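Participant: A single structure is presented below for examination.
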Amino acid sequence: MSLSTADVQKVARLARLAMNDTEIEAARTQLSGIFELIAEMQAVDTTGIAPMSHAQDLSQRLREDKVTESNQRELFQSIAPQVEAGLYLVPQVIE
Amino acid sequence: MINASLNQLGAALAAKKISSVELTQLYLNRIATHNPVYNAYLTVDAKTSLAQAAAADSLLSSGNAGPLTGIPIAQKDIFCAKGWRTTCGSKMLADFIAPYDAHVIEQFNRAGAINLGKTNMDEFAMGSSNETSYFGAVRNPWNQKAVPGGSSGGAASAVAARLCAAATGTDTGGSIRQPAALCGITGIKPTYGTVSRYGMIAFASSLDQAGPMAKSAEDCALMLNVMTGFDERDSTSLQREKEDYTRDLHLPLTGLRIGLPREFFTEGLSSDVGARVQEAIAEYRKLGATIVGISLPNTRLAVPVYYVLAPAEASSNLSRFDGVRYGHRADEYTDLADMYEKSRAQGFGEEVKRRIMIGTYVLSHGYYDAYYLQAQKIRRLIAQDFTDAFAHCDVIMGPTSPSTAFNLGEKGDDPVQMYLSDIYTIAVNLAGLPGMSIPCGFGASGTMPVGLQIIGNYFEEARMLNVAHQYQLATDWHTRAPQGL
């Protein structure tokens with residue numbers, strides 16, 4: 001399967017990865033090769049087969065809805081790129 | 001001392017023939033000498049390790065020691081260890097100091113083991129050669145031009161070069177077993193859900209599983225005793241009785257039924273690896289095993305299925321790296337979207353970006369049924385193949401990797417060739433089964449190690465370790481160490 005430049009640009013945008021034209025073209029070639037490998041799956045008849053979403057066919061455990069974490073804001077924010085007054089700073093999104 | 005088993009080290013510590021501080025210092029000295037060549041460790045913190053060793057010596061003196069108390073263990077840099085730099089092999093986390101301990105780290109701390117340092121790995125565990133690490137490739141102690149395998153390549157290299165007593169690894173598609181094979185050591189990936197994933201940086205959550213890498217099956221059993229156990233903080237951690245994985249090591253193999261899947265011995269398997277595996281099978285016959293021909297008909301589909309499911313899960317897991325709460329943030333950006341896109345483009349390496357893009361594509365609107373759902377259906381067929389096979393045999397054996405260690409740079413430009421090097425290991429992760437690799441001789445004109453893969457049914461780790469241990473009592477491949485170390 002061959003991907004178009006537009007396909008790769010769309011995927012890069014969805015994945016939030018900045019890529020220039022050279023990188024898009026390189027990715028297009030490599031991803032096309034990988035999707036050729038993946039295409040081997042398409043020939044398999046899977047009618048009536050239930051998808052296996054997980055290695056265990058178990059339902060997830062539930063727990064009581066109560067707070068189990070302690071407040072470690074300062075510790076966690078000590079490794080953040082930019083914080084101020086206990087808040088994570090990002091570029092302004094609302095005018 | 002550096003070739004001693006964990007039991008021998010434990011006995012030496014208990015008898016005060018050596019202290020944990022002395023043992024830890026011995027390994028730190030070896031790391032200082034050899035790590036510049038092998039690049040197996042990303043972070044060493046001698047002060048912290050020696051403080052842990054001093055505490056372990058107190059425990060040993062007071063008679064409160066367990067089997068691993070005072071023993072220096074290398075931790076894969078995928079496990080968060082409080083106060084330690086934890087990079088996952090990525091520029092994204094190059095300066096990340098973990099604010100908490102992974103469950104695995106807690107378990108080793110509780111056992112009084114020493115954290116000797118954090119080992120190099122493929123970036124976010126995505127790779128089969130350790131060449132995708134932001135911090136440079138790891139070298140194979142058997143041949144410095146060769147890769148150690150991946151993603152737990154630093155761990156495998158460190159064990160083989162005797163830069164630790166034992167190590168931890170993680171295995172999403174073969175990342176414990178393949179480097180163990182390529183570096184001539186023993187490693188086991190237990191049944192999915194046996195070791196908690198809490199604090200283990202996520203790659204593909206339905207496949208990731210941690211396990212030990214060591215010089216022998218007996219050592220792996222002791223390590224597994226520490227690593228396993230229920231942890232409520234991992235929603236997939238299994239609530240099971242704690243097991244002693246050493247309990248069956250001594251049992252004879254009389255009557256053991258070994259299944260050989262015909263699909264593991266076809267084109268693509270190099271002749272030297274195939275020959276060593278057949279010799280190992282012959283040795284098992286001598287030990288009383290019988291051989292059963294089996295079929296795993298969907299083997300060839302495991303790689304394509306994996307390269308849909310694992311990237312899909314990775315694209316979701318790695319969306320957390322946005323340059324806001326932790327990790328790399330670009331220096332310059334115009335707005336929020338630009339900050340995300342530049343931070344991620346700068347922080348992730350080529351292979352990680354490639355897999356995020358595959359995952360994003362297969363999960364995007366209009367493609368879900370054709371890729372993700374189809375892969376999940378075939379995943380069930382692959383798991384069913386194993387269930388059918390285990391009706392006729394107790395364990396399955398075959399090669400771990402199609403060849404001995406390839407050279408650095410050899411497969412660098414072709415992701416598909418690299419992906420195919422995990423052909424024999426990936427199906428085991430898809431099924432959630434336990435798998436291990438043990439050394440069974442040398443290929444490439446007798447210079448490079450070959451690994452024998454042993455696959456067991458769910459929760460059969462003790463049996464597999466028994467099967468491996470009995471072979472290691474009868475042979476000495478696992479005692480071979482590289483020259484010059």
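The values are calculated or read from the model by the stated rules, or taken from the named source; none is laboratory data. Nothing here was measured: the structure is a model prediction, and the numbers come from that model. When we count neighbours, we look across all protein chains shown, and the Cβ atoms used for this are built from the backbone with ideal geometry, even at glycine.
Quick grid of which residues meet (1) in contact (Cβ under 8 Å) with a residue 24 or more places away in the chain; (2) within 20 Å of B:Ser237 (Cα to Cα); (3) not in a loop (DSSP other than H, G, I, E, B):
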{"residue": "A:Ile34", "(1), (2), (3)": "no, no, yes"}
{"residue": "A:Thr47", "(1), (2), (3)": "no, no, no"}
{"residue": "A:Gln56", "(1), (2), (3)": "no, yes, no"}
{"residue": "A:Leu62", "(1), (2), (3)": "no, yes, no"}
{"residue": "A:Ala80", "(1), (2), (3)": "no, no, no"}
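Participant: Given the criterion modelled with pLDDT of 95 or more and under 21 Å from the mean Cα position of the chain (by Cα), identify the matching residue among B:Glu283, B:Glu243.
Facilitator: Result: B:Glu243 is the single residue among B:Glu283, B:Glu243 that is modelled with pLDDT of 95 or more and under 21 Å from the mean Cα position of the chain (by Cα).
Participant: Right, next: B:Lys145: surrounded by fewer than 24 Cβ atoms within 10 Å (Cβ to Cβ), in contact with a strand residue (DSSP E or B) (Cβ under 7 Å, 6 or more places away or on another chain) and either in contact (Cβ under 8 Å) with a residue 60 or more places away in the chain or at positive phi (or both), yes or no?
Facilitator: Numbers: surrounded by fewer than 24 Cβ atoms within 10 Å (Cβ to Cβ): yes; in contact with a strand residue (DSSP E or B) (Cβ under 7 Å, 6 or more places away or on another chain): yes; either in contact (Cβ under 8 Å) with a residue 60 or more places away in the chain or at positive phi (or both): yes.
When the stated conditions are applied, B:Lys145 passes them.
Participant: Next question, about the same structure. Determine, yes or no, whether B:Leu60 is in contact with a helix residue (DSSP H, G or I) (Cβ under 9 Å, 6 or more places away or on another chain) and assigned to a strand (DSSP E or B).
Facilitator: Details: in contact with a helix residue (DSSP H, G or I) (Cβ under 9 Å, 6 or more places away or on another chain): yes; assigned to a strand (DSSP E or B): no.
In short, no.
Participant: Same structure again: On the given criteria, is A:Ser32 surrounded by 15 or more Cβ atoms within 10 Å (Cβ to Cβ), within 22 Å of the chain's Cα centre (by Cα) and more than 7 Å from chain B (Cβ to nearest Cβ)?
Facilitator: It is true that A:Ser32 is surrounded by 15 or more Cβ atoms within 10 Å (Cβ to Cβ), within 22 Å of the chain's Cα centre (by Cα) and more than 7 Å from chain B (Cβ to nearest Cβ).
Participant: Of all residues in segment B:220-242, which are crowded, with 17+ Cβ neighbours inside 10 Å and of a type in the set (D, E, K, R)?
Facilitator: Selection gives B:Asp231, B:Asp234.
Participant: Can you pull out every residue in segment B:218-274 that is of a type in the set (Gly, Ala, Ser), within 14 Å of chain A (Cβ to nearest Cβ) and touching a Phe, Trp or Tyr at 6+ places or on another chain (Cβ under 7 Å)?
Facilitator: Residue satisfying the conditions is B:Ser237 alone.
Participant: I've got another one for you. Within segment B:398-406, does at least one residue satisfy the condition of being more than 10 Å from chain A (Cβ to nearest Cβ), surrounded by fewer than 22 Cβ atoms within 10 Å (Cβ to Cβ) and under 24 Å from the mean Cα position of the chain (by Cα)?
Facilitator: yes
Participant: What number of residues in segment B:280-305 are within 14 Å of chain A (Cβ to nearest Cβ) and either in a helix (DSSP H, G or I) or buried (at least 20 other Cβ atoms within 10 Å of the Cβ) (or both)?
Facilitator: Taking segment B:280-305 and keeping what is within 14 Å of chain A (Cβ to nearest Cβ), we get B:297-305.
Next, only the ones that are either in a helix (DSSP H, G or I) or buried (at least 20 other Cβ atoms within 10 Å of the Cβ) (or both) stay: B:298-305.
Residues in segment B:280-305 being within 14 Å of chain A (Cβ to nearest Cβ) and either in a helix (DSSP H, G or I) or buried (at least 20 other Cβ atoms within 10 Å of the Cβ) (or both): 8 in total.
Participant: Against the condition surrounded by 14 or more Cβ atoms within 10 Å (Cβ to Cβ), part of a helix (DSSP H, G or I) and of a type in the set (A, V, I, L, M, F, W, C), how does B:Ala53 come out, does it pass?
Facilitator: Yes: the conditions hold for B:Ala53.
Participant: Could you please let me know if A:Val90 is assigned to a loop (DSSP other than H, G, I, E, B) and of a type in the set (A, V, I, L, M, F, W, C)? Give the steps one after another, and end with the answer.
Facilitator: Numbers: assigned to a loop (DSSP other than H, G, I, E, B): yes; of a type in the set (A, V, I, L, M, F, W, C): yes.
It is true that A:Val90 is assigned to a loop (DSSP other than H, G, I, E, B) and of a type in the set (A, V, I, L, M, F, W, C).
Participant: In addition: If I ask for residues that are among the aliphatic types (A, V, I, L, M), touching a strand residue (DSSP E or B) at 6+ places or on another chain (Cβ under 9 Å) and over 30 Å from B:Arg257 (Cβ atoms), which ones from segment B:376-420 would you list?
Facilitator: B:Ala405, B:Leu408
Participant: Here's something else I'd like to know. Is it the case that B:Val308 is more than 23 Å from B:Trp477 (Cβ to Cβ) and part of a helix (DSSP H, G or I)?
Facilitator: yes
Participant: Can you tell me which residue is farthest from the other protein chains (Cβ to nearest Cβ) among those in segment B:171-212 that are under 12 Å from the mean Cα position of the chain (by Cα) and among the β-branched types (Val, Ile, Thr)?
Facilitator: B:Ile185
Participant: How many residues does segment A:1-27 hold that are within 24 Å of B:Asp422 (Cα to Cα) and buried (at least 19 other Cβ atoms within 10 Å of the Cβ)?
Facilitator: Total satisfying the criteria: 1.
Participant: Within segment B:369-379, does at least one residue satisfy the condition of being within 23 Å of B:Val159 (Cα to Cα), in contact with a Phe, Trp or Tyr (Cβ under 9 Å, 6 or more places away or on another chain) and buried (at least 20 other Cβ atoms within 10 Å of the Cβ)? Write out each step before concluding.
Facilitator: First, pick out the residues of segment B:369-379 that are within 23 Å of B:Val159 (Cα to Cα): none.
No, segment B:369-379 contains no residue that is within 23 Å of B:Val159 (Cα to Cα), in contact with a Phe, Trp or Tyr (Cβ under 9 Å, 6 or more places away or on another chain) and buried (at least 20 other Cβ atoms within 10 Å of the Cβ).
Participant: While we're looking at this one, here's another question. Mind checking whether some residue in segment B:350-360 is free of Cβ contacts under 8 Å to residues at least 40 places away in the same chain, more than 30 Å from B:Tyr458 (Cβ to Cβ) and more than 7 Å from chain A (Cβ to nearest Cβ)?
Facilitator: No; the residues of segment B:350-360 include none that is free of Cβ contacts under 8 Å to residues at least 40 places away in the same chain, more than 30 Å from B:Tyr458 (Cβ to Cβ) and more than 7 Å from chain A (Cβ to nearest Cβ).
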